[in-house]
Every structure is written in C-alpha cells, then in structure tokens.
1. Could you identify the single residue in B:ASP346, B:ASP371, B:ASP367 that is touching an Asp or Glu at 6+ places or on another chain (Cβ under 9 Å), acidic (Asp, Glu) and more than 12 Å from chain A (Cβ to nearest Cβ)?
2. Out of the residues in the range C:71-87 that are modelled with pLDDT of 95 or more and in a helix (DSSP H, G or I), state the one that is nearest to the chain's Cα centre (by Cα).
3. Can you go through A:GLU111, A:GLU89, A:GLU47 and tell me which one is closer than 22 Å to B:ILE111 by Cα and acidic (Asp, Glu)?
4. Just checking, which of A:GLY291, A:GLY298 is out of contact with any Gly (no Cβ under 9 Å at 6 or more places or on another chain), surrounded by fewer than 19 Cβ atoms within 10 Å (Cβ to Cβ) and of a type in the set (Gly, Ala, Ser)?
5. Only one residue in B:GLY340, B:GLY324 is in contact with a Pro (Cβ under 8 Å, 6 or more places away or on another chain), surrounded by 21 or more Cβ atoms within 10 Å (Cβ to Cβ) and either closer than 27 Å to B:LYS250 by Cβ or assigned by TED's automatic domain parsing to the domain that holds B:HIS266 (or both), so which one is that?
6. Inside the range A:296-322, can you point out the residues that are without any contact (Cβ under 8 Å) to a residue 60 or more places away in the chain, facing chain B (nearest Cβ under 7 Å) and outside any helix (DSSP H, G or I)?
7. Here is a check on your reading of the model: is C:PRO68 part of a loop (DSSP other than H, G, I, E, B) and within 14 Å of chain B (Cβ to nearest Cβ)?
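The values are calculated or read from the model by the stated rules, or taken from the named source; none is laboratory data. All values reported here derive from a predicted model rather than from experimental measurement. No Cβ is skipped: glycine too gets one built from the backbone with ideal geometry, and neighbour counts run over all protein chains shown.
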Amino acid sequence: MGFTPHTREEIREMLAAIGVGSVGDLFHSIPQALRARSFDLPPGMSEFEMMTRLQELAGRNADVVPFVGGGFYDHIIPAAVDHLAGRSEFYTAYTPYQPECSQGTLQALFEYQTAICRLTGLASSNASLYDGGTALAEAALMALRITGRSRILLDGAVNPFSRSIVRTYLANLPVEVVELPPVCGESDRSRFSREIDDRTAAVLVQNPTFFGCVADYGDLAGQAHRCGALLVSSVYAVSLGLLKTPGEMGADIAVGDGQSLGNPLSFGGPSFGFLAAGKQYIRNVPGRIVGETVDREGRRGFVLTLQAREQHIKRQKATSNICSNQSLCALRGLIFLSCLGRRGLTDLAMRNRDKAEYAKGVLTAIRGVTALSGAPTFNEFTLCLPRPAGEVVSSLLKRGIAAGVPLGPYYPGAEHGLLVTVTEKRSRDQIDLLARELETALWN
Amino acid sequence: MELIYEKSVDGRAGVRLPAGDVPAASPLPAGFLRGEPAGLPELSELDVVRHFTQLSRRNIGVDTTFYPLGSCTMKYNAKALEEGARLFTPFHPMVPLLPGGEKFSQGALAILHRMGKLLEEITGMDAVTCQPLAGAHGEVTGIMLIAAYHKAKGNRKRYVIVPDSSHGTNPSSAAMVGYEIVTVPTDACGDMDREKYKAALSGEVAAVMMTCPNTLGLFNPHIKEICALAHAVDALVYYDGANLNAILGKLRPGDVGFDVVHVNLHKTFGTPHGSGGPGSGPVGVKQALVPYLPVPRVVEGGDGRFSLDSDRPLSIGRTANFFGNFGVIARAYGYTLMLGKEGLIDAGELAVLNANYVLARLKDLYDLPYDQTCMHECVFSASRQLRHDIRAIDIAKFLIDKGFHPPTVYFPLIVKEAIMIEPTETESKATLDAFIEAMREAAVLAEKDPAALKRAPVTTPISRPDETKAAREQKVCHFGC
Amino acid sequence: MTMTFYTKEHEWVKIDGNIATVGITDYAAHQLGDITFVELPAAGKTVKQFDVLCAIESVKAASDIYAPVSGKVISVNEALNASPEIVNSSPEEEAWMARLQMADPAETSKLMRRERYDEYCKGL
C-alpha cells in the first residue's frame, strides 16, 4: 500500500500538461544500460499486516528489569511529553528555515537552549546534536579549532562508547589523542598534571565517571587554563539536578546525552546530544543556534542565527557538517524539564541517589561483594564481585534481571567489575530481589 | 507569546515522582553539589500543556500544509509508523551487549538486520550499517570508511572532489575527515563539467561525492563514466542519497559504480522530520569496504538468530552510542513493508510526475536555468522577478500567506535567486494546482504590485524578523546567562 | 602621497609609503548585505598577495577577504569587533580592516585603479 493520491484520470491530465505520453518517458535521461539490475523486494502490505509484523517482532524482545545504564537510563516520562511532542505541527515540520511559520519550533528551541544553559551553568547552547558521544567528539573538534593546537587528553573514565566515537572522529586528522587510564574509577589526577601542556587543546572528562564516581574537576580546569587548554566535561543530564555544574567547575564546554530527559530507551535512539559553551566560543559552536530578535512591528521573534558557521553557507570551512539534528528529541527534553520544574528536577536527582545508595548498601552487604571505591556516587556505582561479572550477569538475565554492565569488555583486567544503575523507577522490592538473586548466583 | 520562563510561578509543581520507598541517602559533600537548583520554570501540568499546544499552533507541518521544500522530501508520514515505533520504546540498548543478552533483543536486532538487507537491495550495495544518525552523519561515516580503505592500501590521498551544486554537507563532511576539497563547476546542461572533472582527477584524489539526481533535480547520464574515471585512479565514489526518492527501482547506485551510499530514511522512507530531526542515515558499501564498517555489526547466524559482532579489528570504531536512531529505522522498516516493491516504484514515478507537472505549469512565468525534464524536483530562478526588485525570498513569504510552506530558496548556490520545488508523490493534483496558482499570482504581483510581496507574510504570528539584529546581538539564552 | 588600488575580489588598498591599509569596497559591502561579523587577522600575521587575510560574515553569507599585497599585519581595526555595521555605513573610509607593512611595492602592478575597477564592476 502506498500513500499516493493520483487517479488514472489525473495522471493522464498531468502527462498532457507536461507533453509526454507516459510516466516512463519522464525517465528518458536514465540510459537503459544504467537501469536497476534487480529490485527484488517483497510486495506491499496493509497497515494492519505491517503492525502485526512489528508486534510479532516486538514480542521477540523480552522485558528485563534494567539495572543497566552506561549512557542510557530508564527514567519516568510524564505522559504530557509524548502527547505534546506528538503534535504533528512539531513532528511533521522540517528545520525552521522560514521563521514566520516556524515560531513554535524556534521559540521551543530557544527555551531549550535556555534550559541547557541553566542546567550546565554555561552561557550558550546550540539547538542539539545527534547524541552524547558525537557531542563529545564535536567538543573536541571545537577545542582544536579554538586553540589551534593538536593534542587531546581523553580521560579513560569517560564512557567507552563515547571514547570510541572521539577516536573514530579524530583518527584521520593530525591530532594526538592521549587516553589516560582511570584509577579506581576516577581520573588519574597526577597523570593529568604531568600530561597537560601547552600543546594540549583540551582535557575531556566525564561526571559522574563511567564507573559512577562523582567528581569535581575544578582543579583540572585550573591546570588546563594555565596551559591555555580547555576543559570539556561530559555530564549526565539528570544528575545536574544535584551535582556541581560544569560552569561552576570552570569547564569551557559541557556536553552530554539528553536521553534521560524525556526520551524513551527505544533500543538506543533517537535521543539527543547537547552542547553548551562559554559565550566567547559561540562562533565555534557546531550545529544550529536559535537567537532572539524582533519583527517589523517590534514584536519578539526567534530565528536560526549565526548561520554563517554552518555547512550550507560555509561548506568545507563550517564548524561542523551537521545538518539534521535531533530537534524533536530536544523538544521532548524541554517538555520533560518544564513538567518537572526547578524543584522537580532536584527531587528526581535526589530520588535516584536515594535508591542507588540503598542498593549499594544491600548489595555490598553480600559476602565477597565490595564497592570499587569510596568515592561518592550518583545513581550508578561499580561493584567488585568475587566471580567474573559476565557470568553473574548472564545467569541473572535468565531470571529476568539485567544486573548491570560487566566492565571486562571495556577495561581489560576489570573482569570482576560490575556497573550497577538504579533509577527512580526501580522499587525497593526490585532492588531487594536483585540482592537476593545476586547472592544466590554468587554463592549457591 | 510569553516564554515558558515568563509563565513560571515560584512553588508551582507539575509532576509527582514515584514513591520514596527507601531511606533518604546521606547528603553528598557540599563540594560536589551545585550552588542552587537549575532555574527551570515552575508550572502545573496544564500550564505546560497549554504552552506547548499554543507553540505548536505557531508552526506548520506536512499534516497541516503542503511543504514543497526542495531537497528535503517532505512526504506524508504515515501514522501507523508512530504506533509501530512505540512498540519498541521500553527496550534498553545495553541489554544485547550483555553476556547472554542478545536473545532478549531478537526482535529489535531483526529490524536492524532486515532494514539493512532491504537497503542493500534498493541501493545495490553489499552491506549496510544503520548506525549513522542523519544524512550528514552518514556522509562523514562514509568518508571515514573511504579513508580507512586508502590507509589500509597504503594510498596517499589528499583530495575529495565535489561538484559546485553539491549540498554543503558534502565538502564539510570530507573536510572533517581531513581532506582538502576540489570543487568542480557545473556545465551548461546542469551536470558536473566533465572536462574539468577529468582535469581535477589525480592519484591524490580519495573520493568523488555525487548527488544523483543532483540538486538541480537533473539526472547525469554520464554517471557510470564518472565512476569509472574515478576508479581508474583508485578514487572511490560516494553517493549522496538525499535524492534517492527520484530513482527508486529505476537505478541502483551500486549497479553503476558507486562504492558508498547513504540513505536519508527521513526523506525517502517516509519518517517524520521532527522540526529538524531525528533523521537516520544508513550507509551502504561495496565488498571492499565491509571490513571497515562501524561496530557493533548485527549479524544473522545459521540458526536465524541475530547477534552483535564487535570484534572487527579493521573497523573504524563507533560513530554513535548504540545501533543508530532505532525508532526512526523501525518506522522506515514499517514504511518499506507497507509500500513493498510496487509502492516504492510508484513513489519514485509519481514524485517525478508531480515535479514535472509543476515545472510545466510555471516555466512560462519563471526562469528555468536548465530547461529539461527534471526528476523529483525542479529549480527555478526568480531572476525575471528581480527586475521588479522582487527576490526569491519575497515570493517565499507570499506563499506562506497563501497557505503553503515555501520551497527551498537560495539553494543550490549556483542558481541566482533559486526556488527549488520538491512536491513529493503524496500530494494530489488539486494541491499542486492550488500551489501553482499561488506561484502564478506571485509572478503577476511582482510586476503589478511588488509592494504587496514585500509586505508578506501578514498572516503569521510575526512578520519578517530582523535576522541581522539576531546575529549581531547573539541572544541565545533568555537569561543572558 | 596616498594611492588607492582595487582587486577583482573587491578589496581596496590604500598605500602610503610602505604601509598598506585594507578594506572592502562599497560594491562588496552592498553585495554582502548587513555585515554581522568581521573576523580580523591576528597582528603579526604574514600574508602573501591574494592569500586569505581575514573573513567577513553577513546573515546568509561568509566571505574571505584576500590580501591585496604581501606583507605583515601591523594593526587591525578593533572598532569592527563591536560595530561590524561600519562596514556597511562606511566601507571605504572608517571600515578599514588591517594595516600591513608592505613587502613588495611592485605588487601594485597586479591591482586596478578606480576607473578600471568601476568598469570591472559594471561588467559583473
């Protein structure tokens, strides 16, 4: 089934207006020798049959109780988010190139930018990037441009997927990427002190670290700035309800994944990346930016601004190649934050930490299970198990629990490490069940 | 309209959180805490609902309005696809990456794998990755794959060739991978100038990036020769899939010599554009590039079960957090299932019919810089109207008042006062006739009453905004921050 | 005495001894529309004739400014940082962008005088 409205009669009239005999004639510029050798696709089907097919496939996925995070988090999403972002004036529109008929999108993105500035404590934000990992890569590229230098210090405590993206993005450029292995889930401060130098463009860190440790990178910001380098901090959006902001730490650029703000897990996407920076860097920011202005009558209005940075104008000299971003997901983020509000976000962050601290307590009460470090944590923490974590996770999965992310695949030597995530959605009963099942798996 | 921050009332609350069924944790040391709560608005749920509902009414989309935005393929977005994607929202992407976790994600992995297979057949390529998150992300991924190919062969390459009609994403994607750009001009037929192309080719060229049909809406009949010439110097040829809708079932990039393609699922495969995203930009490659594809790869075992392969030593690595914009890919999969072979061929043919109909009915009043049969879009110039000081932008704004989203204007850059119209196949003759009437009215007004066009739009929430003020003042955060 | 020359890329250069003052012409300023940003060169930067000296942006365009002559940048017009609109209001007087210490006075032979430049613009 298709969605084309043409009747046979209309096609005939249109061909007559064009002055050709058949639709096929319109393709005369494609020589026969170039025509498709094959187009072996199944016949179409009705909406009902398609939905049946998707339902059957969804049925082949199984629900598990997720104590996994690693960049994507199972948070509440108020029903209003789906409902409002599902208004087709938003979701069937394109990039707001014509501001007069796109004020809805433009004002929402301006409000989104404001929310990101307030969350991160930095003065400017773009209108979203693809995801947290690519946002970190874009921040590294931005720092290289700003400083004119060619060395990136990448903390090994940053999410391994994000690190892989950064390495992929920089692999073909004349840039040295130095990864500094973490110590007990935290940045190796003494190593950083030795490595930050006047060739360094930026120091890339994450808060909380991939291991869950909460940090204050004010000291690294100071060291970086003394050498003329920038501090880039990747942050977990919901944690900013509670934790010291990148701005307060002296970071120059903050990035992160916005999934935790009103976007469903959806098997990894779509979510959005955010990027905020000090105002002095705004011309180096990648992607779209919405700015306030007035119309001919002096009424407030919003437009895409500083477009001369972007690929459609500056081509190979643009700050980034990004065109489509994740606008609708950013809108979801804004609606989510508006529903929660100032106090709601703080409460949500505290609720996460309460649950995680409770879980940390009951899990480390199990014989042989210890916390990786004494560093404070937010809603994720790393356990050291008396057995390889992979085996334990595998056996708990059979009981319908995703107990955490085994660290072995990402940190050779850390095979006994398990990263556990506890969001506000996990009940005390679920946490207690995890503890019982973990104890059983370890000792029975 | 007030900003949501201006509607905030201290102490008002929206959402109630799940029960606190565990003891409160002892507070974090103050040094780790933010000084004060983030200054988010405080509203009731109804306040929030009214605000965003009112904002939505200050927007137009495909569902409200004909949206012939050239190069963007603003076709109808089937509602069933929204329902279909929602079936997969609860599934955590880390689960299949856990030991023994793949069996909990068979349905989602099947969609990724099957959509890849469908795209292989549609584009004539050997393997597809669904990881890239948008068209431009597909481009940069594709150029990284090309760079990996050359590196492995020990080729020393410096340049990427793009025609001057290309999307800006092409040169900027290649530049992000460290290549220098060589731009080849367009000839009198609207194609990349072949003599200048041949002159630009050398052993140092890594890739040639082509949009086919190009941004003028024209098909280049010499495309196979262009690919062969590139291959002769071991340059690979990249297919920008932005305009794939035009040639569905007629031509497959893989058959004529392209080595890498990206597909814009949010264009050709009917997924919504979401006010600028999310998109999805799967990349297809020929066999020689398969080893370099991003990890993890979704692979199908002999038993029909799907798994993730991250152990690929030659891979360029990850280009995104997980497996791509899954929700978008699931929609595109549903779309492809519904249309099937005949539906996709129909879509391409009727998109081309619609564009040529608009072209035929407007070419007497608007200059057509390249007067020939077009593919899925046609590019006019407002140069005739410029004699009355009417520019493409004035015509665009007038169209808003007539109830249409304007076409793309000022792109491609090589056409003066460009007006690029892409009707798509889902629009009826009646809609096109109404649009054509409005365009004809604009052309008449340009001569008779240009001031009326300069005033437009008058029906929108705001009149033309002062973009210079926005760029000079750079107010990008309500609080000035 | 001061002599003014023009380039095909629409820069002007006023030469006074071995000091060359550079800006863009009225024609260029008009073509670009409202200027929103001038990316001034760094003082001390050395450029060759017709190499990129700096860049300029309007709402919908970005253009490179090329050095009409080779030399070393000795000063830039800081006023353009705060008030890029001067490029529109007074492109050939107040909105000079950089002063260069000229490397080779003979290079002016590759530039146009006013009359020829005006002819050139008419042909565009």
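1. Numbers: B:ASP346 fails: more than 12 Å from chain A (Cβ to nearest Cβ); B:ASP371 fails: touching an Asp or Glu at 6+ places or on another chain (Cβ under 9 Å).
Only one candidate passes the filter, namely B:ASP367.
2. Applying the filter and picking the extreme gives C:VAL87.
3. On the way: A:GLU111 fails: closer than 22 Å to B:ILE111 by Cα; A:GLU89 fails: closer than 22 Å to B:ILE111 by Cα.
Matching residue, one of A:GLU111, A:GLU89, A:GLU47: A:GLU47.
4. Details: A:GLY291 fails: surrounded by fewer than 19 Cβ atoms within 10 Å (Cβ to Cβ).
Result of the check over A:GLY291, A:GLY298: A:GLY298.
5. Values: B:GLY340 fails: surrounded by 21 or more Cβ atoms within 10 Å (Cβ to Cβ).
None of the others qualify; the one that does is B:GLY324.
6. A:ARG296, A:GLU297, A:ARG299, A:THR305, A:LEU306, A:ALA318, A:ASN321
7. Details: part of a loop (DSSP other than H, G, I, E, B): yes; within 14 Å of chain B (Cβ to nearest Cβ): no.
For C:PRO68, the condition - part of a loop (DSSP other than H, G, I, E, B) and within 14 Å of chain B (Cβ to nearest Cβ) - is not met.
So that you can scan it fast, the table gives a plain yes or no per residue for (1) in contact (Cβ under 8 Å) with a residue 12 or more places away in the chain; (2) more than 30 Å from B:LEU87 (Cβ to Cβ):
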site	(1), (2)
A:GLU10	no, yes
A:GLY21	no, yes
A:ILE30	no, yes
A:PRO43	no, no
A:ILE76	yes, no
A:GLU89	yes, no
